[in-house]
Every structure is written in structure tokens, then in C-alpha cells.
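Engineer: Below you will find the structure I want to go over with you.
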Amino acid sequence: MHADSDISSDVFGQSLRTFSIESLTATQEKWHQERTYVLLWIYQGSGRQYIDDQVYEIQEDQVWFVGPSQIHRWETKGIQGLKMTFSLDFMCATGISDQFIERLQLFGQHPPFAQVNAKAAARLKQLTDWWEEEENDPSTQQGEVISGLLKLILLVCQSLSQSNADLAETDSLLTHQFKDLVEKHYQQWHKVKE
């Protein structure tokens, strides 16, 4: 684990109605505790992500989910991607319920990431480009538009997460069936001779 003195927190005094999208280029972060939900879309690079007391390998074409109060840091090489953050207050102010987030089962789950396929990457690119445009347009509807985009991004991520879980379940089933066949044939081919 890590010492309390190594943990930094987000700056107090910022509005809790936070949402942001920014390029992800840092190669290393110190331990810190999030006060917002964070989506990290990694489209290039590799490294390690430390979340609470777990270590994960970062690979290209992944989206990561870090929830409020989780302690994390990363070490990366050649990282390129996007960091999207949003607070619970922003969700409440724009009509996204915490039940919606809970039903998605993205944050606080294991593993805390999903692989991004080409179709999902194209969708995420379109949605995040739109988000970036909206962030630079201080219209009165900005929060509502970004809220809608955020919901769509989260639903794309949820479908990726579900696809990864389905693949893991299929792999587990295939492995189990393979072991059963090996055991069956081993017993047939290696009977004890009387």
C-alpha cells in the first residue's frame, strides 16, 4: 500500500458541478484520491495503473473507470488518450441519477477497464469531439448537452464492459469444457491394465 503522506487530493474550493475533458499525456502521477468519476480512454501507449491495492497493465485501446474516493496512480510510456471527469453534483444538476451510474456497473468493478473495439472507438471519438466543442461554447445549454453526451459515452463503455465480461465467461466455459474432454480421454487412453 502507500503512505498517507504520499496521497494528494483535488483542490478544495472548486465548484462541485465539475465536468471536463482533456488530453492525457502525463507519464506518471502521484497517488491521489479522486473526488469525481474519471474515464480514461487510452488509445496509444502502455504502462501500469494502480487502483486502491490492485495493479493493472495499461494497453492501447482501453477505457478505464475510476470512481470517487478511489486512490490511484499510473506510470506510462508514450501515452495518448483522453481524461473525462464528472462529479456527482454535475450529474444531479443535469438529471443523471446515481442509480443510472450504479446500473452500468462500471465504477468500482473488477477489472476497472474495458477493451475498445474499432466500432466503439469511432463512436467514442465522435462523442468526445462533440464534448470538446461544447466545452468551448459557453451556452446556457452546455451542461445539458454534455450530460447527454456523457450518458451516451457511458452506455458505449457499458456495452464494451459487458462484451468483455461475456468473452471472459465464454473463455471460462471453453476452458472448463476442454478440461472435461482431456480428463475423459485421459481416463479412456490410460486405463490401468489388470
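Engineer: State the number of residues belonging to segment 21-36 that are closer than 21 Å to K125 by Cα, in a strand (DSSP E or B) and open to solvent by 30 Å² or more (accessible area, probe 1.4 Å). Steps first, answer last, please.
Structural biologist: From segment 21-36, those closer than 21 Å to K125 by Cα are 21-26; that's our starting set.
Restricting the remaining residues to those that are in a strand (DSSP E or B) gives 21-24.
Checking the rest, the ones that are also open to solvent by 30 Å² or more (accessible area, probe 1.4 Å) come to 22-23.
So the count comes out to 2.
Engineer: Somewhere in segment 72-81, is a residue assigned to a loop (DSSP other than H, G, I, E, B) and either of a type outside the set (G, A, S) or under 11 Å from the mean Cα position of the chain (by Cα) (or both)? Steps first, please.
Structural biologist: At the first step, the residues of segment 72-81 found to be assigned to a loop (DSSP other than H, G, I, E, B) are none.
No.
Engineer: Condition (residue is of a type in the set (D, E, K, R) and open to solvent by 50 Å² or more (accessible area, probe 1.4 Å)) applied to segment 79-86: is it met by at least one residue? Please lay out each step first, then the result.
Structural biologist: Narrowing segment 79-86 to residues of a type in the set (D, E, K, R): 83.
Next cut, open to solvent by 50 Å² or more (accessible area, probe 1.4 Å) only: none.
So far as segment 79-86 goes, no, none of its residues is of a type in the set (D, E, K, R) and open to solvent by 50 Å² or more (accessible area, probe 1.4 Å).
Engineer: Hey, another quick one. Restricting the search to segment 37-57, which residues are more than 14 Å from Q80 (Cα to Cα), surrounded by 15 or more Cβ atoms within 10 Å (Cβ to Cβ) and among the aliphatic types (A, V, I, L, M)?
Structural biologist: The answer is V38, I51.
This table checks each residue for (1) buried (at least 16 other Cβ atoms within 10 Å of the Cβ); (2) hydroxyl-bearing (S, T, Y).
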{"position": "Q62", "(1), (2)": "yes, no"}
{"position": "D89", "(1), (2)": "no, no"}
{"position": "T94", "(1), (2)": "yes, yes"}
{"position": "Q99", "(1), (2)": "no, no"}
{"position": "F107", "(1), (2)": "yes, no"}
{"position": "D129", "(1), (2)": "no, no"}
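Engineer: I need a count of the residues in segment 112-151 that are over 17 Å from A93 (Cα atoms), in contact (Cβ under 8 Å) with a residue 12 or more places away in the chain, under 17 Å from the mean Cα position of the chain (by Cα) and part of a helix (DSSP H, G or I).
Structural biologist: Count: 6.
The values are calculated or read from the model by the stated rules, or taken from the named source; none is laboratory data. Values in this document were obtained by computation on a predicted structure and should not be read as measured data. Cβ coordinates were reconstructed from backbone atoms using ideal geometry, including for glycine residues, and neighbour counts include every protein chain displayed. Keep in mind that these areas ignore ligands, DNA and RNA; they rest on the heavy atoms of the full protein, side chains included. Shrake-Rupley method; radii C 1.70, N 1.55, O 1.52, S 1.80 Å.
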